[in-house]
Amino acid sequence: MDYEQEVDMAPGGIPAVKVVEKLGIPVNMVEAVFRNGKVINIYDMVYPGDRIGLFPFGTPGPYRVFLGMLRENTKRKEFEKRVKKGA
């Protein structure tokens, strides 16, 4: 897979998790999503023209905190728990 990929999406955008799925990457392999240089939650929206970067699990602890990955992963776990309870 090339490092740069384009994903078609509606003008209103799609959740970052859908981009990951469209690229054929297992969601459980992605620890962080960067949108235009800032960490976002994997369930946050991305829009046409956004540049996103995907980070695998295994980023050293201090960097996870500094980059905001720890915060977003906490939000991700809370969201997934709520979805699981509602299922």
Of Pro26, Pro56, Pro11, Pro60, which residue is in contact with a helix residue (DSSP H, G or I) (Cβ under 7 Å, 6 or more places away or on another chain), of a type outside the set (Val, Ile, Thr) and exposed (fewer than 14 other Cβ atoms within 10 Å of the Cβ)?
Pro56
Is it fair to say Gly61 is at pLDDT below 90 and more than 10 Å from the chain's Cα centre (by Cα)?
yes
Name the pairs whose Cβ atoms lie under 7 Å apart, with the first residue in the stretch 52-69 and at negative phi, the second of a type in the set (Asp, Glu) and surrounded by 15 or more Cβ atoms within 10 Å (Cβ to Cβ), and 6 or more positions between them or separate chains?
Phe55/Glu31; Pro56/Glu31; Phe57/Glu31; Thr59/Glu31; Met69/Glu31
Within the stretch 67-78, is there a residue that is in a loop (DSSP other than H, G, I, E, B), at pLDDT below 85, out of contact with any helix residue (DSSP H, G or I) (no Cβ under 9 Å at 6 or more places or on another chain) and exposed (fewer than 11 other Cβ atoms within 10 Å of the Cβ)?
no
Report yes if some residue within the stretch 47-58 is farther than 23 Å from Asp2 by Cβ and touching a strand residue (DSSP E or B) at 6+ places or on another chain (Cβ under 8 Å); otherwise report no.
no
Taking the criterion of being surrounded by 10 or more Cβ atoms within 10 Å (Cβ to Cβ), of a type in the set (Phe, Trp, Tyr) and outside any loop (DSSP other than H, G, I, E, B), would at least one residue in the stretch 37-45 satisfy it?
no
Looking at the structure I just gave you, is Val17 touching a strand residue (DSSP E or B) at 6+ places or on another chain (Cβ under 6 Å), among the β-branched types (Val, Ile, Thr), touching a residue at least 24 places away in the same chain (Cβ under 8 Å) and on the phi < 0 side of the Ramachandran plot?
no
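The values are calculated or read from the model by the stated rules, or taken from the named source; none is laboratory data. Just so it is clear, the model here is predicted, and its values are computed rather than measured. All Cβ positions, glycine included, derive from the backbone under ideal geometry; neighbour counts span all protein chains shown.
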